[in-house]
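The values are calculated or read from the model by the stated rules, or taken from the named source; none is laboratory data. Remember, predicted model here, so these are calculated numbers, not experimental data. No Cβ is skipped: glycine too gets one built from the backbone with ideal geometry, and neighbour counts run over all protein chains shown.
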């Protein structure tokens, strides 16, 4: 039997899909040290540069002294710390909702929430480019009917809703799509949900902290609200921490707290992580200069790519893909960039559809304009060579 997996592994390597682990020796930042070498890094989701912020570190250190390391149990036993309760209250207030529920990760949030919302009497309508955690959550929920509509195609979604015979319905979409950097047509999604009596679940992992007033994210920026709207956010991206939250109406989140198995049966988030996340939210809300810097860096990057004749995917977020297409070519380009001292993630299937391999550039507020210029120059050199 083991030979079967060896052959599958070899086939995976031949297809140019092999991935590896590269231990980072130090904190997140504009530069990362790996294998004893310092690289200019455009591959982290630490969009606001808060993962190594002194205030966030101090909040974690203080909580470590007071609470110790682990929570000790699930939240519904004795692992629910007062600092987690405050985090849930502040998260809901920040995002303008009645209640939030904290999970250990965004993946666990979706694996826990979707089987509570969805059953055999439910029709689910999912964007084709949704994150893997949403896809797996839907699979675990086993809906009565599933429509995967073409990416952001509202006509196809409306037609599917009209043809659905099940009365209980959920429309599910990323807010910001993690590999393309585009924002979902949230107004249209909300309108279709209201007209067809559907719930709306938006994964705003890559929007919260980056978009909207006080960094409230794509959902708040769009102004959509209502008891049928549920938002998931992760703390490990713009907030530089770890964990996730589900935010929505009191009634809906109360029910999720009672039934979501990945919440009920997982040890609660460590208090030191909750404390760090609270401080990160405080910083993200107050410091608009971080979002201004991200926007300015994005404009500089896109202008530079155009000037060099490189492909540009319009983006108002921190994510800027450079489309390559071929798996082996994107790997060669990433390796060539590293030889020049720059770390950009090569993204290949199954993370993205076949034929859409790309270099995923992610910007951080701690980057400087000169570093973006350096990236553009290196990309131009590598693009023409490879």
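Among the conditions (1) assigned to a helix (DSSP H, G or I); (2) touching a helix residue (DSSP H, G or I) at 6+ places or on another chain (Cβ under 9 Å); (3) touching a residue at least 60 places away in the same chain (Cβ under 8 Å), residue 328 misses just one, which is (2).
Of the candidates 171, 202, 224, the single residue that is over 23 Å from residue 104 (Cβ atoms) and outside any loop (DSSP other than H, G, I, E, B) is 171. Scanning the range 81-96 for residues that are buried (at least 18 other Cβ atoms within 10 Å of the Cβ) and part of a loop (DSSP other than H, G, I, E, B) yields a total of 2. Evaluation of residue 254 against the conditions (1) in a helix (DSSP H, G or I); (2) surrounded by 18 or more Cβ atoms within 10 Å (Cβ to Cβ); (3) touching a strand residue (DSSP E or B) at 6+ places or on another chain (Cβ under 8 Å) shows that the sole unmet condition is (2). For the range 130-157, which residues satisfy the criterion of being under 22 Å from the mean Cα position of the chain (by Cα), without any contact (Cβ under 8 Å) to a residue 60 or more places away in the chain and part of a loop (DSSP other than H, G, I, E, B)? 150, 151, 152, 153 - these are the residues of the range 130-157 that are under 22 Å from the mean Cα position of the chain (by Cα), without any contact (Cβ under 8 Å) to a residue 60 or more places away in the chain and part of a loop (DSSP other than H, G, I, E, B).
Only one of the numbered conditions (1) surrounded by fewer than 14 Cβ atoms within 10 Å (Cβ to Cβ); (2) under 14 Å from residue 383 (Cβ atoms) is not met by residue 312, and that is (1). Does residue 276 count as outside any strand (DSSP E or B), more than 12 Å from residue 101 (Cα to Cα) and at pLDDT 95 or above? Answer is yes for this residue.
One residue alone among 240, 245 is touching a residue at least 12 places away in the same chain (Cβ under 8 Å) and within 20 Å of residue 55 (Cα to Cα), and that residue is 240. Taken over the range 109-133, the criterion of being farther than 23 Å from residue 162 by Cβ and buried (at least 20 other Cβ atoms within 10 Å of the Cβ) is satisfied by 109, 110, 111, 112, 113, 114, 115, 131, 133. For the range 279-302, the count of residues that are closer than 30 Å to residue 82 by Cα, in a helix (DSSP H, G or I), assigned by TED's automatic domain parsing to the domain that holds residue 61 and in contact with a strand residue (DSSP E or B) (Cβ under 9 Å, 6 or more places away or on another chain) is zero. The condition (being at pLDDT 95 or above, buried (at least 16 other Cβ atoms within 10 Å of the Cβ) and either within 27 Å of residue 323 (Cβ to Cβ) or assigned by TED's automatic domain parsing to the domain that holds residue 235 (or both)) is satisfied by just one residue among 166, 201, 140: 201. Could we say that residue 115 is part of a loop (DSSP other than H, G, I, E, B) and more than 14 Å from the chain's Cα centre (by Cα) here? Against the criterion (part of a loop (DSSP other than H, G, I, E, B) and more than 14 Å from the chain's Cα centre (by Cα)), residue 115 does not qualify.
Yes/no per residue for (1) more than 23 Å from residue 180 (Cα to Cα); (2) touching a helix residue (DSSP H, G or I) at 6+ places or on another chain (Cβ under 8 Å); (3) part of a helix (DSSP H, G or I); (4) assigned by TED's automatic domain parsing to the domain that holds residue 260:
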position	(1), (2), (3), (4)
40	no, yes, no, no
60	yes, yes, yes, yes
65	yes, no, yes, yes
76	yes, yes, no, yes
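Counting only residues that are crowded, with 19+ Cβ neighbours inside 10 Å, in a loop (DSSP other than H, G, I, E, B) and either more than 17 Å from the chain's Cα centre (by Cα) or outside the structural domain of residue 214 (by TED's automatic domain parsing) (or both), the range 97-108 holds 1 of them. Looking only at the range 208-221, residues that are within 15 Å of residue 282 (Cα to Cα) and part of a helix (DSSP H, G or I) come to 3 in all.
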